[in-house]
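Visitor: The structure that follows is given in the form of structure tokens.
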């Protein structure tokens with residue numbers, strides 16, 4: 001059950017990777033299943049399920065271990081952070097459907113939230129879906145920047161529009177005294 005191959009994969013990792021739903025279900029029914037075992041790349045069974053887009057296996061793992069989606073990697077990012085950075089809307093929507101913490105911060109010096117990360121992506125759908133799921137629009141990172149600051153610096157006009165349409169504070173000042181007013185580039189006070 002918990003044996004690992006030369007790549008550190010357990011039978012569950014392999015069953016998920018190869019898309020064997022019957023075997024996945026049998027393994028997940030075992031009372032001693034260890035869902036925290038990671039392969040040599042650091043992937044847990046939940047991570048493997050997300051990687052191969054096996055949402056059913058991911059959902060079953062979350063039923064047994066609700067914290068599986070909130071695990072942080074060595075760089076302080078969890079699954080929602082990574083999916084947003086990849087611009088992987090399908091994985092983001094799945095994670096939102098299982099109620100991940102949409103305000104969880106990256107565990108590094110930036111303390112960015114998923115909304116901060118989405119503001120860097122040229123896809124306003126990420127931002128709109130995060131807001132619908134309860135992301136706090138004016139949350140600030142360690143530099144006192146809101147998502148609007150980040151979107152403005154990146155020149156993401158669609159994201160800026162989505163944030164303004166959803167009532168962000170466009171008079172927010174960051175730690176350097178920069179103001180992002182109505183989607184215009186920042187200016188020092």
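Visitor: Can you sort 2, 149 so the residue with the fewest Cβ neighbours within 10 Å comes first?
Guide: By the 10 Å Cβ count, ascending, the order reads 2, 149.
Visitor: For the residues 79, 94, 72, what sequence is obtained by ranking on other C-beta atoms within 10 Å, fewest first? Numbers along the way, then the final one.
Guide: On the way: 79 25, 94 20, 72 14.
Ordered from fewest to most neighbouring Cβ atoms within 10 Å, 79, 94, 72 come out as 72, 94, 79.
Visitor: Just to be sure I understand: if I project the alpha-carbon convex hull of region 25-65 onto a plane and average over all orientations, what area do I get in nm²? List each step's numbers first, then the result.
Guide: Details: hull surface 11.2 nm².
Taking the Cα atoms of region 25-65, their convex hull projects to 2.8 nm² on average.
Visitor: Using a/c under 1.5 as the rounded threshold, could you call region 49-92 rounded, prolate or oblate? The axes a ≥ b ≥ c are square roots of the C-alpha gyration tensor eigenvalues, and prolate needs a/b larger than b/c, oblate otherwise.
Guide: Here region 49-92 falls in the oblate category.
Visitor: Per DSSP helix of 4 or more residues, -39500 (n - 2.57); summed, then divided by the residues of the chain. What does that give at 222 nm, rounded to the nearest 500? Walk me through the numbers before you get to the answer.
Guide: Numbers: 10 runs with 82 residues, N = 189.
It comes out at -12000 deg cm²/dmol, rounded to the nearest 500.
Visitor: OK, next. Which of 11, 31, 122 ends up with the largest GNM mean-square fluctuation for the chain, with Cα atoms connected below 10 Å?
Guide: Of the options given, 31 has the highest mean-square fluctuation.
Visitor: Which entry in (1) 72, 39, 30; (2) 63, 41, 30; (3) 62, 27, 22 matches Cα extents along the principal axes in Å derived from the coordinates of this structure?
Guide: (3)
Visitor: Give me the angle, in degrees from 0 to 90, between the Cα long axis of helix 55-64 and the longest principal axis of the Cα atoms of the chain, rounded to the nearest 10.
Guide: 80 degrees
Visitor: Is the C-alpha gyration tensor of region 61-128 telling us rounded, prolate or oblate? Criteria: a/c under 1.5 is rounded; beyond that, a/b larger than b/c is prolate, otherwise oblate.
Guide: It comes out oblate by the Cα gyration axes.
Visitor: Among rounded, prolate and oblate, which fits region 1-75 when a ≥ b ≥ c are the square roots of the eigenvalues of its C-alpha gyration tensor, a/c under 1.5 means rounded, and a/b larger than b/c means prolate?
Guide: Judged from the Cα gyration tensor, region 1-75 comes out rounded (a/c under 1.5).
Visitor: Convert 37 °C to kelvin, take the viscosity as 0.692 mPa s, use the Kirkwood radius over C-alpha pairs of region 114-175 as Rh, and evaluate the Stokes-Einstein diffusion coefficient in µm²/s, rounded to a whole number.
Guide: 297 µm²/s
Every number in this text was worked out from the coordinates using simple rules, so none of it is lab data. If you're wondering where the values come from, they're calculated on a predicted model, not measured in any experiment. Please note: Cβ atoms are built from the backbone with ideal geometry, for glycine as well, and neighbour counts cover all protein chains shown.
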